[in-house]
Amino acid sequence: MTPVIDPLTLVIASIFTSNILLANFLGMCSFIAISKDFNSSNGLGIAVTAVLVITVAASWVVLKYLLLPFGLDYLAFIVFIIVIAAVVQVLEMVIERVSPALYMTLGIFLPLITVNCAIMGAVLFMQIRNYDFLQSVGFALGSGLGWWMAIMALSAMRAKYDKAPVPAGLQGTGITFITIGFMAMAFIGFSGIVRVQ
Amino acid sequence: MSGPYAKVFRENVFTNNPILVQVLGICSTLAVTNMLSNTLIMTVGVALVTAFSSWTLSLINTTIPRKVRMIVQVLIISFWTIIVDILLRAYAPEISKSLGPYVGLIITNCIIMGRLEAFAQANKPAISWWDGFTAGLGYMLILLALAVVRELLGFGTLLGFQIFPLDFTSTGNNWTIMVMAPSAFFLVAVIVWVSKTAQLKKSQPKAPAPAAATGGAK
Amino acid sequence: MNKESTLYVVIFSLIVTFVLVLPLTVANVLTKDLVEQNKQVASAVSILQAMGLPADKKQPKQVLASYDGLEKFKLDGKSLVPVTTADVRAAEKSGFPIQPLFYKTTGASGVIWAGTFTGPGLWGNITLALGFDEKIERMTGFQAVAQVETPGLGARISEPWFINQFTGQKVPASGTVKFVSGSGAGDANKDNDTVDGVTGATITTNGTRDIINKAIAEMKELTAGGVQ
C-alpha cells in the first residue's frame with residue numbers, strides 16, 4: 001500500500017532528517033575518495049543527483065509495468081542494476097559531449113557511480129516503501145541533494161584539516177570518519193523539523 | 001592448510017583486511033551494525049556471495065570478452081545475492097524482514113567487485129572461492145567487533161540476551177548514540193586508528209641504540 | 001571465434017543471461033508457495049497474538065487452523081459484514097486484498113475483537129494488529145505487522161518490551177493513549193493511561209500513537225453498531 005506522504009516533504013526529509021549518507025550510510029566509497037577536491041566533489045554531487053532521479057524514475061516504471069505484472073519481481077535486483085548501468089552509460093556519453101572538462105575531472109568515478117550503494121539503495125528503498133511515481137522522484141531528488149550537500153561540506157572541511165596536525169594513525173581515513181561522524185550528529189539535530197504528514 | 005590457501009587466508013583476514021586497509025564495502029553493512037544478529041547474517045551473506053561469485057567468475061574468466069567484463073561481474077554478483085535473498089525469504093522470513101533492503105545492497109558492496117577484479121579474474125575456481133570467502137571473513141571480523149560494541153553499549157544486550165542492566169549509566173539510560181548513525185562512524189575511525197598505528201609502528205625501523213655517554217650533553 | 005568480435009559478445013551475453021536467469025526462475029518457482037505460506041502464517045500469527053491467543057510460528061498448520069476459526073469481517077460503510085477465509089484468500093490472490101479486516105472470537109475470557117490498522121510512520125506506513133476486549137475497555141495485544149522504520153530506532157516498536165506494554169493495557173476513559181518517555185523497559189503498569197514510547201524515535205512513536213487512538217475510536221463505533 002502506498003503511504004500517504006507529500007513528495008515535497010520527502011524531498012526535504014531525505015536531505016536533512018534521513019540523509020542517505022549521514023543517516024543511512026550509503027554512498028561512502030566515492031564520497032571519501034573524491035571529497036579531497038572541492039570542484040570534483042561539486043561535479044560528482046550533480047552527477048549522482050542526476051543519476052539518482054533518472055534511475056529511480058526508470059526503475060519505478062520498469063517495476064510497475066514490467067516486473068510486477070508478469071510476476072518477475074524475483075529478478076528485480078538484476079534488472080535494477082542493469083537499469084543503473086544503462087543510465088550511467090548514457091549520462092557518461094552526455095557529459096562527454098556537453099562538458100569535456102567535467103568528464104576529465106570525474107574520470108573513473110563516473111562509471112563507478114554504477115556500483116555506488118546510494119543509487120541501488122535508493123531504488124531498493126523505493127521498492128520496499130511502495131512509493132508512487134512522484135514520491136519516488138521526490139525521494140530520489142532529496143537523496144541526491146543531501147548526498148551532494150554532504151560531499152561539499154566534507155570537502156570544504158577536508159581543505160582545512162588536511163593542513164592540521166593530525167596524529168599519524170588518524171591521518172586520512174581516520175580523521176575523515178570522525179568528521180563524518182560529527183556531521184551525522186549535526187544532522188540528527190534536524191529531526192523533528194518535518195512532520196511526514 | 002596448504003601453502004597458497006594459508007597465504008590467502010592470512011592476507012585477506014589480517015594484512016590486507018579489506019576494511020582496515022582499503023575501507024571498502026562498509027557502507028552497505030554499517031546500517032545494520034547496531035544489532036549483532038543482523039550483522040552476523042549480513043556478513044555471512046556477504047562472505048558467501050563473494051565466495052561463490054569469485055568461484056563462478058573464475059570458471060569462465062578465460063571466455064569473457066573485455067567489453068562486457070564489468071557487467072558480467074555485476075550480473076554474477078546479483079545472481080548470488082538473489083539466491084541468498086530467496087533462501088532467506090523462504091527459510092528465515094523474519095530475518096529477511098528485519099534486514100529489509102540491505103540484502104539487495106550486497107550487490108553494490110565494493111569488496112566483492114574488488115575481489116573479482118583482483119583475484120578471481122586471473123585464478124583457478126577453488127582458490128578463488130577461498131579468496132572470496134576469506135575476504136568475507138576479514139570483513140565479518142571487523143563488523144562483528146563494531147556490532148558488539150554498538151549493541152552492548154546501545155541496548156545493553158548481545159544477540160538479544162541482556163548483558164548490562166538497562167540502567168547501567170549514571171543517568172539511567174542506555175548510551176543511545178550507539179544505536180544511531182554517528183557512533184558507527186566514530187567506531188570505524190577508532191578501529192582504523194588502532195590498526196594504522198599498529199601498522200606504522202611495525203614498519204618503523206628499530207630506534208638506534210642510545211648514543212654513548214661521550215656523545216651527550218653539550 | 002575471436003573473443004572480442006561483436007558476434008561473440010552478443011552470443012556470450014545471451015548465454016550468460018540465460019544461464020543466470022534459469023536457476024533463479026527455478027528457485028523462485030520452488031519457493032513461491034513456501035514464501036506465500038510464510039506471509040500468511042506471519043499475518044495470522046500477528047492477529048492471534050494481538051488477540052492474546054496462542055500462536056506458534058513453528059506450527060504453521062495449527063496457526064492457519066486457528067486463524068480459520070476466527071470470525072472475519074470486512075467494512076461496508078460503517079458496518080461489519082462477515083467474510084470467510086476463502087474470501088480472504090481469493091482476494092489476496094487477485095491482488096486486491098480485503099482491507100481493512102476485522103476479527104472476532106469468543107473465548108474463555110469473553111469476546112475479543114481485533115483488526116489491522118494502518119497509518120503513516122516516518123518513512124512509510126505502519127500497520128498494526130490490535131486486539132480489544134468486548135467493550136473496548138482493555139487491549140488484549142499489539143503487533144507491528146508491517147513497518148519500514150529506522151532499524152534500532154523506530155523499528156523498536158516490534159520489540160518485546162514495547163509490545164508487552166499493551167497486553168492487558170487499560171483503554172483510558174478519554175479514548176486516547178498517551179506515550180511518554182520511558183526507561184526502555186516498557187511500562188509495566190497496565191492500569192494507567194500511559195505507555196512508554198521509543199526514545200529517539202519521536203515521529204515513529206507519534207505515528208504509532210495516532211494509529212492506536214484512531215483504532216480505539218473506530219472499534220468503539222463499529223462494535224457499538226453491532227454486526228450485520
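Values in this text are rule-based calculations from the coordinates and carry no lab data. Just so it is clear, the model here is predicted, and its values are computed rather than measured. Cβ atoms come from the backbone with ideal geometry, glycine included; neighbour counts cover every protein chain shown.
Observations
- If you run the Gaussian network model on chain C, springs between alpha carbon atoms under 10 Å, then out of C:Asp187, C:Asp87, C:Asp33 the most flexible one is C:Asp33.
- Here the Karplus relation 6.51 cos²θ - 1.76 cosθ + 1.60, evaluated at θ = phi - 60°, turns the backbone of the stretch B:119-128 into coupling constants of 10, 4, 4, 10, 10, 7, x, 4, 6, 5 Hz, with x for every Gly and Pro.
- Its Cα centre serving as origin, chain C has a Cβ charge dipole (Lys and Arg +1, Asp and Glu -1) of approximately 220 debye.
- Charge dipole of chain A (Cα centre as origin; +1 on each Lys and Arg Cβ, -1 on each Asp and Glu Cβ, all else neutral): 320 debye, rounded to the nearest 20.
- Distance between modelled label sites at B:Ala6 and C:Glu221, nm, 7 Å Cα→Cβ extension: 7.5
- Amide H within-cut-off set for C:Phe132, under 5 Å, with H built and near neighbours excluded: C:Trp113, C:Ala114, C:Thr140
- Debye log10 I(q)/I(0) at q = 0.17 Å⁻¹ for chain C, Cα point scatterers: -1.25
- Within 10 Å of each Cβ in A:21-27, the average number of Cβ atoms from other chains: 6
- As a proxy for reagent exposure, C:Thr205, A:Thr173 were ordered by neighbouring Cβ count within 10 angstrom, fewest first; the result is A:Thr173, C:Thr205.
- Distances between placed amide hydrogens fall under 5 Å for C:Leu80 paired with C:Gln228, all partners being 5 or more residues away or on another chain.
- Estimated vicinal HN-Hα couplings, Hz - the stretch A:158-165 in sequence order (Karplus 6.51, -1.76, 1.60; Gly, Pro = x): 4, 4, 7, 7, 4, 9, 7, x
- Span-like helix ranges in chain C, DSSP H, alpha carbon extent 27 angstrom or more, Kyte mean at least -0.5: C:6-50, C:202-225
- Most mobile of C:Val198, C:Val16, C:Val180 in a GNM of chain C (Cα contacts under 10 Å): C:Val16
- Rg followed by Dmax, in Å, when the stretch B:8-138 is reduced to its Cα trace: 14.2, 43
- Simple label model, 7 Å out from Cα along Cβ direction - C:Ser94 to C:Ala65, nm: 3.0
- Computed from the C-beta positions of A:Tyr65 and C:Glu134 and an R0 of 41 Å, the FRET efficiency is 0.30 to the nearest 0.05.
- Comparing C:Phe96, C:Phe142, C:Phe179 in a Gaussian network model of chain C where C-alpha atoms under 10 Å apart are linked, the largest mean-square fluctuation is found at C:Phe96.
- For the stretch A:7-188: rounded, prolate or oblate by the Cα gyration tensor [a/c cutoff 1.5]: prolate
- Of B:Ala47, A:Gln135, C:Met51, farthest towards positive along the dipole that unit charges on Lys, Arg, Asp, Glu beta carbons give the protein assembly as shown: B:Ala47
- Nearest-ten-degree value, helix A:117-128 long axis tilted from longest Cα axis of chain A: 30
- Cα-based shape type of the stretch A:1-77, given that a ≥ b ≥ c are square roots of the gyration tensor eigenvalues and the cut on a/c is 1.5: prolate
- For the protein assembly as shown, the spread of Cα positions along the three principal axes, ordered from largest to smallest, is 96, 77, 55 Å.
- Taking other C-beta atoms within 10 angstrom as a stand-in for reagent exposure, A:Tyr103, A:Tyr131, B:Tyr91, C:Tyr67 fall in the order B:Tyr91, A:Tyr103, C:Tyr67, A:Tyr131, fewest first.
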